[in-house]
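Remarks on the structure that follows.
The values are calculated or read from the model by the stated rules, or taken from the named source; none is laboratory data. Model, not experiment: these values are computed from the prediction. Every residue, glycine among them, receives a Cβ derived from its backbone with ideal geometry; neighbour counts consider all protein chains shown. Accessible surface areas use protein heavy atoms only, side chains included; no ligands, DNA or RNA. Shrake-Rupley method; radii C 1.70, N 1.55, O 1.52, S 1.80 Å.
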Amino acid sequence: MITLLKDLYYSFPFQLLMLSIKRHQFLLFFWVFLMVIIIGKFGAHIGMPAVFLDPEYLGHVGYLSFSIVGLGFGTLYVTWNIVVYILNSHRFPFMASLQYPLGMFFINNSILPAVFIISYVVAIIHHQTVNEYQPLPDVLLGLLGFAAGFILILLLTALYFNLANRNAESIFKSDKDVARRKKLFSKIPYTEIVEAHHYTRVDFYVTNNLNIRHTRTVEHYGPALQQLVFKRHHFNAFIAFIIAFLLLISIGFFLENPFFQIPIAASGFLFLSLLMSLFGMFLYWTGSWGPIAIITFVIVANHLTKYDLFGSQSRAYGLNYDTEKAAYNLETLRALASDSTILNDEHYFIPILENWKRKNTDPHHPEKKPVMYFVNVSGGGLRSAMFTTVVLQRLDSLAKGKLFDKAFMICGASGGMMGVTYLRELFLKEKDGFAINLQDSIYAAKVTKDLLNPVALAILSNDALLPYHKFTLGNYKYFIDRGYAFERAFCRNTDMRFEKTLDDYRQPEYDAKIPVMIYHTAIMNDSRRFFMSPHPVSFLMRPLGENAMDNKLEIDGVDFCKFFEKQGGRHLLVSSALRMNATFPFILPNPVLPSNPPTYVMDGGALDNFGIETTIRFMKAFKEWITANTSGVVILQIRDTEKMEEPEAPKQKTLVARLTDPLGTVYNNMENMQDFLTDYRVDEMDQELRGKLSFVLFEYTSDKKEEKAAMSFHLTSRDRRDIVRSLGRANNTNAFKRVEGYLQK
């Protein structure tokens, strides 16, 4: 037994594993990262496992899409082995005598990849059968595609290195040949010849036939000759790395071509291959200073991004960044929110209210006042987009196709606004004579088409490498980044025109042809918010009470279009307004706006995830008109989370957990804090409207917490089914009945 353990210890695979653990933590990080993302809880929170386990290509998941993923993983596998080979081959001189040294190295250095492949395959089978409801034969066909792509990369690699690499006996056949090759590779830096006592002992290795074989001595070659053998291999490996780098860069030139929009899993594997190669080069060229060199590189690269040399700062499309910047200071904000400006803006909105009232007044009973509806939707990625869509479709059915006629205003955040923006556009097309059934289930399917894949592809092949690609919009040019990829993908999925601006909706909203929609986004500089509407909305910028002009009362909102009037605020693309409203951290970039100092914005849900604050401020500004001209107000709040959850029991916590508790508590309870404030605000507003305010809540809930759809830009088949099923749960059934009662009044 002791002999067996000793033989195992001095086997080539085990020594390579121990060497990686001891010396190459930076390279091991990539395998750990993949395992955490695909199988761990962190990845589940942002829906990353789904795109690795359910790869989509050209709108389909199957043999072809899995084959492309196999190609990507094959590249990562080859890169891992090449990098470790370059860093460590000189420690194993016996390889110089092997017929195919690199091939033998691949086989013996596959413990970590093998563990990952097994875990990955099991995770794919589980995900496809449990979450995507795919029959096992179809799943196995997809895995066959993955294997085919993986094997193809291995065959191409074997062919390349078989033609380029040889062992010592085949490379150096004469003293003249040795001298010539010494001169050829003399300029390639390499580790000094390793002394014999620094060699790693290896007694056994695994052959290409998976047999166990004893190593043999290579002392007759001499250390210098061994080094030249490995130098040649390293040079050929470097050429392979350049090819992989150019391949990933080239994809960035064709981001809008669906043919080049490979699955995120494949692009992710390619990107990790690139990083692994880069880190390997740092470790190779700098030796023991490798970790410090890597950290220095990251710091310098991070510092350079602030100068926007290659479009590293995202922008809002439609705005003019070349003209004079808007002055972002208290003086400007107070001028925008002056008494006279607010009064003018309130007068501006009265005709819109009157147009809405005229449309909703029964001509047979003109004395009967209409009910005014406000729609508030929450953030939450595509799960919120779908839940918002299916709820509004059901409500439109109850309203006999008149829901968007009865609704006066729509506001909210992130995913919910994606769904309602799409439905409002369809409603406008229906008004313009297009044959559209707003309640058709195809629209819920379209709004939930994958967005994560194009965004991630833009990150990996453009943003993280050389984000210098540009596109032209009117008279302006903008850098292409993942924000652009998000907007284009959303418009493509929903058949919306990418070039449509806020101003394109101004007249239909003014005529009350469609509901008014107000987007908002949080300003990172000072936690104020921009309100984006083609109409003047200065009355949303500050409190409107008797002491409103007291300088101690802070202005916490900014009328976006009025503030950026000279920069073309009303020409902001609707897709950009939607993106700024849905800037999910890390996934989408934080746009910089043309102001002085520059203002950066983030997800509107950070300050108001349900749009209720915008609604309350509007009702407060026009409470006299609402009281005199309506029979009541109904706020329809559609959210992707449960409002009143049972408090969780405290758990025993580690020291690290206790240290991170304050920050985690604030983040996890953000919605609770907004809900508490909302209840007070709604109650106060109800009193000001003399009891005319009603609040109806629709919540996406799941039977089991672990089965609830992830807050992501990608949904599984099970996610979609669970979202639709939630409409029939008791809380939502009662909410539909309440709305039906209001509609019958």
Residue that is farthest from the chain's Cα centre (by Cα) [pool: residues in the range 507-527 that are open to solvent by 10 Å² or more (accessible area, probe 1.4 Å) and either β-branched (Val, Ile, Thr) or closer than 16 Å to LEU593 by Cα (or both)]: ASP526
All but one of (1) over 20 Å from GLY605 (Cβ atoms); (2) in contact with a strand residue (DSSP E or B) (Cβ under 9 Å, 6 or more places away or on another chain) hold for GLU706; which doesn't? (2)
Quick one: which residue in TYR519, TYR484 is among the aromatic types (Phe, Trp, Tyr), out of contact with any Ser or Thr (no Cβ under 6 Å at 6 or more places or on another chain) and at pLDDT 95 or above? TYR519
Just name the residue that is modelled with the lowest pLDDT out of those in the range 111-167 that are within 18 Å of SER717 (Cα to Cα) and of a type in the set (Gly, Ala, Ser). ALA123
Residue within the range 71-91 that is open to solvent by 20 Å² or more (accessible area, probe 1.4 Å), in a helix (DSSP H, G or I), modelled with pLDDT of 85 or more and under 20 Å from GLY280 (Cα atoms) present: yes
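Quick grid of which residues meet (1) over 30 Å from VAL455 (Cβ atoms); (2) open to solvent by less than 50 Å² (accessible area, probe 1.4 Å):
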site: LYS325; (1), (2): no, no
site: ALA335; (1), (2): yes, no
site: ASP339; (1), (2): yes, no
site: LEU343; (1), (2): yes, no
site: PHE349; (1), (2): yes, yes
site: ARG358; (1), (2): yes, no
Looking at VAL139, VAL115, VAL130, can you tell me which residue is under 30 Å from ASP722 (Cβ atoms), β-branched (Val, Ile, Thr) and loosely packed, with under 14 Cβ neighbours inside 10 Å? VAL130
State which residue is modelled with the lowest pLDDT when the search covers only the range 682-723 and only residues that are part of a helix (DSSP H, G or I), open to solvent by 60 Å² or more (accessible area, probe 1.4 Å) and not acidic (Asp, Glu). LYS705
So which of ALA158, ALA123 is touching a residue at least 60 places away in the same chain (Cβ under 8 Å) and over 17 Å from VAL84 (Cβ atoms)? ALA123
If you check ARG579 against the conditions, is it within 18 Å of the chain's Cα centre (by Cα), at negative phi and of a type in the set (D, E, K, R)? yes
Is it the case that some residue within the range 363-382 is open to solvent by 10 Å² or more (accessible area, probe 1.4 Å), farther than 20 Å from ILE514 by Cβ and modelled with pLDDT of 95 or more? no
Which numbered condition ASP504 misses (of (1) open to solvent by 20 Å² or more (accessible area, probe 1.4 Å); (2) assigned to a loop (DSSP other than H, G, I, E, B)): (2)
Within the range 292-304, does at least one residue satisfy the condition of being open to solvent by 40 Å² or more (accessible area, probe 1.4 Å), in contact with a Lys or Arg (Cβ under 8 Å, 6 or more places away or on another chain) and at pLDDT below 95? no
Residues (open to solvent by 10 Å² or more (accessible area, probe 1.4 Å), assigned to a loop (DSSP other than H, G, I, E, B) and among the hydroxyl-bearing types (Ser, Thr, Tyr)) located in the range 609-644: SER631, THR641
